[in-house]
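Reviewing the structure listed below.
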Amino acid sequence: MIRLIATDLDDTLLNGMNELSPRTKAALDAAMALGCGVTLSSGRMVEAMLPFAQKIGVNAPMLLYNGALLWNHATDETLYANRVPFEIALGVLRVIEAAGSYVQVYPGRGYYCTEILPRTEAYARQIGVAPTATHMPMSKWLEAHPGDVQKLLVIDDGPERADALQAKLRAAFPHGASFMKSKPHYIEIMPEGVDKGASMKRLAELLGVKPEEVMAFGDGQNDVPMLRFAGYGYAMANGCAEARACTPNIAPPNTEDGVAQVIERYLARGELGRL
C-alpha cells in the first residue's frame, strides 16, 4: 500500500507550460482524499514552492533545495536544514567564475546573481520569483556577506560545458559540497551528503512510512537518489538517461500528465492508503 507520494516539480509534475494541469490536480486531490500523503521535492526555494503547495493543498512536509531543507509549510516548521559552508561556497564560486560560467546564490531567502541576463529572466519566469542583481562577481558579494548558503545554481551555456564544470568541481571539492544536475545545463550545488534520497528517508522516518510505501516521481540526475529510495520510483519518459536507468518504472512524459496517469492507475486498483 502506498502511503506517501513525493514528486519533483519542473519537467515532472508541471506540464510543458510550467503549470499544474486540472487532471494532475484532480489525481492528487483523489489521493489525499483517501488520506495518502503528498509532498513536493524540488531544487526550488521556499518562495517558488509555496504557491504550488497552497494550490495543491500539500498535506506533508516538503523537500526544498534538493533536500537541504525539510519544511512544513502548514506550520512554518523547519524539520531539517543543512547549508554549504561559507569557505566551501566561496571556493566553489571562484572556480565557477574562472570557468566563465553563470551562477546564482541562495542565502536562505531570495536569490542573487551578478547581472540579469536572458537566462536569468527565463529562470525567473519559470519559478515566478525575481532575483537580485549584485553588479559584482558573486564571490566578491559573498565575501561582503559572509555566511553559509542554502544552495548555488549554475546555469551553463550547454550540456557539454555543464558536464565539464561538474567534473572539475567534483575533483576540486571532494568534501563539503555535492554537485548534481537537475537539467542538462543546470548544476545544483548543495551541502555534502544532502540529496533528495537522504531527505526522503528522513521524512519517511518522521512520518512512520516504510520505503516500500513511498511513490516518487522525477526527471533529473538530482532525482535519482529519491527514485532509488522509493519502493515505487517513477522516472519520467522525458527524463535524463540517469533517471530512466535507475528504475524499471517509467511514467509518461510531463507534457501528457504522466504523474496523473500513474496515480490514476493505483487509485483504480485501490493501492493508495492513509498516511
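Which of the three applies to the stretch 1-67, rounded, prolate or oblate, going by the alpha-carbon gyration tensor with a ≥ b ≥ c and a/c under 1.5 meaning rounded?
In terms of gyration-tensor shape, oblate.
Show that you can apply the helix-only estimate: for the chain, add -39,500 (n - 2.57) for every DSSP H stretch of four or more residues, divide by all residues, and state [θ] at 222 nm to the nearest 500.
-11000 deg cm²/dmol
Given the pairs 151/196; 151/181; 181/210; 55/151; 140/196, which are separated by over 23 angstrom at their Cα positions?
Beyond 23 Å: 181/210; 55/151; 140/196.
Can you give me the C-alpha center-to-center distance between the stretch 115-169 and the stretch 226-253, rounded to a whole angstrom?
27
Given the peptides 19-32, 248-261, 135-148, 179-192, arrange them by the average over their residues of other C-beta atoms within 10 Å, most packed first.
The packing order, highest mean first, is 179-192, 248-261, 19-32, 135-148.
Within 10 Å, Cβ to Cβ, of residue 185, how many net charges do the neighbouring residues add up to if Lys/Arg are +1 and Asp/Glu are -1? Could you put the intermediate results ahead of the total?
Working: positive: 119, 161, 181, 183; negative: 156, 157, 160, 163.
Around residue 185, the surrounding residues sum to 0.
On full extension of the chain, what length is gained from residue 255 through residue 145, given 0.36 nm per residue of separation minus the C-alpha to C-alpha distance?
Here the answer is 35.5 nm.
Can you classify the chain as rounded, prolate or oblate using the Cα gyration tensor, where a ≥ b ≥ c are the square roots of its eigenvalues, rounded means a/c under 1.5, and otherwise it's prolate if a/b beats b/c and oblate if not?
Prolate, since a/c reaches 1.5 and a/b exceeds b/c.
Calculate, for residue 135 and residue 157, the FRET efficiency according to 1/(1 + (r/R0)^6) with r their C-beta to C-beta distance and R0 22 Å; round to the nearest 0.05.
The formula returns an efficiency of 0.55 here.
Run through the DSSP bridge list for the chain and note the antiparallel percent, rounded to the nearest 5.
Close to 55 percent.
Label residue 122 and residue 97 with points 7 Å out from Cα along Cα→Cβ: what is the distance between them in nm?
Those two pseudo-labels are separated by 2.5 nm.
Using 7 Å Cα-to-Cβ label points, what is the residue 237/residue 74 separation (nm, one decimal)?
Each label point lies 7 Å from its Cα, and together they span 3.4 nm.
What percent antiparallel are the DSSP beta bridges of the stretch 148-275, to the nearest 5?
Expressed as a percentage, antiparallel bridges in the stretch 148-275 total about 60.
Calculate the spin-label point distance for residue 171 paired with residue 202, positioning each point 7 Å from the Cα along the beta-carbon direction, and give it in nanometres.
Using points 7 Å along Cα→Cβ, the separation is 3.1 nm.
How much net charge surrounds residue 81 when only other residues with a Cβ under 12 Å from its Cβ are counted (Lys, Arg +1; Asp, Glu -1)?
Around residue 81, the surrounding residues sum to +1.
No lab work stands behind these numbers, since they all come straight from the coordinates. These figures come from a predicted structure and were not determined experimentally. No Cβ is skipped: glycine too gets one built from the backbone with ideal geometry, and neighbour counts run over all protein chains shown.
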